Amino acid sequence: MRVALLGGGTVGAEVARILLANSADLAARVGEPLELAGVAVRDRKRDRPGIPADLITDDPEALVNRPDSDVVVELIGGIEPARSLILSAMSHGSSIVTANKALLASHGAELNEAADRARVDLFYEASVAGGVPLLLPLRQSLGGDRIRRVLGIVNGTTNYILTKMGEEGMGYEEALSRAQALGFAEADPTADVEGFDAAAKAAIIATLAFHTRVTIDDVHREGITGITAADMSAARRMGFVVKLLAVAELTDDEAGLVVRVHPAMVPHSHPLASVRDAFNAVFIEAEAAGEVMFYGAGAGGQPTASAVLGDIVSAARNRTTGSRPGWTRPYAGLEIRPISMVRTRYTLILDVLDRPGVLASVAGSFATHDVSIQTVRQDQRDGGAVLVIRTHLARESDLAATVENLRELDCVEQVVGVMRVEGEEGS
Ligand SMILES: NC(=O)c1ccc[n+]([C@@H]2O[C@H](COP(=O)([O-])OP(=O)(O)OC[C@H]3O[C@@H](n4cnc5c(N)ncnc54)[C@H](OP(=O)(O)O)[C@@H]3O)[C@@H](O)[C@H]2O)c1
């Protein structure tokens, strides 16, 4: 079994190292030796310890076009040339393993159809939660169940930042700088902090969990840059933590699907609340299995290489035995609905004047838009009061209208924070 590696960076170098170091075990598991046929990189001159120099090439097309590659492993990232290289490898009959979330979330349908036509495997376990096994359990172990909802912490950078803000009282900028200093965040953190990375992963999860084609463009996305110390301290006082969640769920009529990424308050009692620092976890609510959670390292060379190696073993084993697992087809074709259809609980923080009648005016705004209040807490502040209001389940569109109305009230000086609450009983 010849394995061609496209990319020898953070993940690719670890995959090459493990392939070479564990060759005897891998051969026994696959049923045939796995031979590293080559490693394509951009800069051939760079020192790459552990990878034999004669395996390095800067010509990925030539590596992919070799007729004797059984498994092509794409670890370059981005859309092009990764997409063309994968399609070309498939047309030569190679099975594909990739960790490329951006590509899967935008061109997943094209790649799956091409794999189907070429009758080769396409595996991408590492694309969602690094070293955490998730996609294979979704495709196979839970393949006979009906999934109702998936809640995921799938971006380690933002989880690290939010953990530092929540536990150590850091501001957003300070927590981001700490994450950058420790290598948990890129110099340009936009893809992580604005939720693009999590949205790509949400699209991949939703496609597999709900048997419906979902792309990153279908995902409602909000990042964490607007989260304030006030949001954090209100959450803490009420027994919640703030997490950036990727949520995919059936609508009440079960004919639609809403996929969203946004910060949310999660109660301490929920298993996702204990997922700290750069860790990832995905919590699944299935009809028969009930609640299932997958937890672990969502990124990093070694954990991600573990998931890639698992896919290589599966793909190589399928070739030695002549079998294929079959595809998760998007047969359900659920309608992708807008976030305005979703019903969630909310917490609002308002700076208000400290005078009689304020509570009545504020409560009136909620009632006018059919949003029912669960609790109200009032604290003093210099020159006024702070109201922390929790709602019962409310539609996103009704809540938005309420907030608009509150902003127009004379007694409301500022709407300081509005955050969804997820993971509570009944929500
Ligand atoms: N890093 C993680 O923790 C992680 C986690 C989950 C998923 N992933 C995914 O895994 C993939 C790889 O990530 P990474 O962190 O390993 O990236 P990386 O460190 O930037 O490595 C990219 C590799 O691709 C090579 N490359 C780039 N453009 C090329 C081209 N046109 N032709 C040939 N080679 C090219 C680079 O060559 P040079 O070495 O010469 O620059 C480098 O070896 C991405 O899709 C990423 O989203 C990464």
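The values are calculated or read from the model by the stated rules, or taken from the named source; none is laboratory data. Remember, predicted model here, so these are calculated numbers, not experimental data. Cβ coordinates were reconstructed from backbone atoms using ideal geometry, including for glycine residues, and neighbour counts include every protein chain displayed.
Within region 77-95, the set of residues being away from the ligand (no atom under 13 Å from the Cβ) and of a type in the set (A, V, I, L, M) comprises L87, A89, M90. Scanning region 47-60 for residues that are surrounded by 11 or more Cβ atoms within 10 Å (Cβ to Cβ), among the hydrophobic types (A, V, I, L, M, F, W, C) and either farther than 18 Å from E74 by Cβ or within 11 Å of the ligand (Cβ to nearest atom) (or both) turns up I51, I56. So which residues in region 113-127 are within 13 Å of T98 (Cβ to Cβ) and either part of a loop (DSSP other than H, G, I, E, B) or within 16 Å of the ligand (Cβ to nearest atom) (or both), if there are any at all? Passing the criteria: V120, D121, L122, F123, Y124, E125, A126, S127.
Selection of region 220-247 for residues being polar (S, T, N, Q) and either at pLDDT 95 or above or assigned to a helix (DSSP H, G or I) (or both) yields T225, S233.
A13: part of a helix (DSSP H, G or I), in contact with a Pro (Cβ under 9 Å, 6 or more places away or on another chain) and within 16 Å of the ligand (Cβ to nearest atom), yes or no? Here the answer is yes, as A13 does meet what is asked.
Restricting D311, D253, D217, D277 to those that are acidic (D, E), buried (at least 20 other Cβ atoms within 10 Å of the Cβ) and not in a strand (DSSP E or B) reduces the list to D311. Among the residues examined, R44 qualifies as within 16 Å of the ligand (Cβ to nearest atom) and free of Cβ contacts under 8 Å to residues at least 40 places away in the same chain.
Mind checking which residues of region 17-45 are assigned to a loop (DSSP other than H, G, I, E, B) and not β-branched (V, I, T)?
Hits for region 17-45 are N22, G31, E32, P33, L34, R42, D43, R44, K45.
Count of region 314-340 residues, restricted to those that are surrounded by fewer than 15 Cβ atoms within 10 Å (Cβ to Cβ) and touching a residue at least 24 places away in the same chain (Cβ under 8 Å), is 11.
Can you tell me how many residues within region 348-374 are assigned to a strand (DSSP E or B) and either under 34 Å from the mean Cα position of the chain (by Cα) or not assigned by TED's automatic domain parsing to the domain that holds V412 (or both)? Spell out the reasoning first.
Going residue by residue through region 348-374, those that are assigned to a strand (DSSP E or B) are 348-352, 373-374.
Keeping just the survivors that are either under 34 Å from the mean Cα position of the chain (by Cα) or not assigned by TED's automatic domain parsing to the domain that holds V412 (or both) gives 348-351, 373-374.
Qualifying residue count for the region: 6.
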